[in-house]
Structures are given as structure tokens and as C-alpha cells.
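We did not get these values from a lab; they are worked out from the coordinates using the rules stated. Since the model is a prediction, treat every value here as computed from it, not as a measurement.
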Amino acid sequence: MECRCPAPEHQFAPEPGAFVVDTRRDKVGQVMGHEGPRLQLRPPRGGREWEAAPEDVRPVTHAEAVGGWVK
């Protein structure tokens, strides 16, 4: 019998160096890498890293990038 399961939703997978928004913390971070399934993020101007689940991040918008969040 053929599986008629829905295709898995495409998950955003940022590369190291990319800037993202952690939607749970409402913070912009730069992807430093990953530890297992969790992303390692750091504030754009440096500081303490934190972890975020891939499903909790999205790319920064153009407005966020030019509005001073990302340097």
C-alpha cells in the first residue's frame, strides 16, 4: 500500500554566520553553530551565547537588518 502521508514541512536551517530572530526570546542572534538539534546563537555585537530550537528561529527581515539590530 502506498503511503499518502503529508510531506514534512520545510524547516528553516540557518548556516553559521546567519542572523536570525529567536521568536521565543524576541532576540536577534548570529548562528555560531549547533549542538545536536539546538542552534548556538550569540548577540550581534557579542556577548553570551544561548541555545534555541530550530523551530523557534526565523530569518531577520530587511527592516531588522537595516534598523540597527544587525551590525
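Database remark: amide H of V57 closer than 5 angstrom to the amide H of T23 (H placed geometrically; neighbours at sequence offset of 5 or more, or on other chains; Pro and chain starts carry no H). The phi-based Karplus calculation (6.51 cos²θ - 1.76 cosθ + 1.60; θ = phi - 60°) puts the 3J(HN,Hα) values of the stretch 36-47 at x, x, 8, 8, 9, 10, 9, x, x, 9, x, x Hz, whole numbers, x for Gly and Pro.
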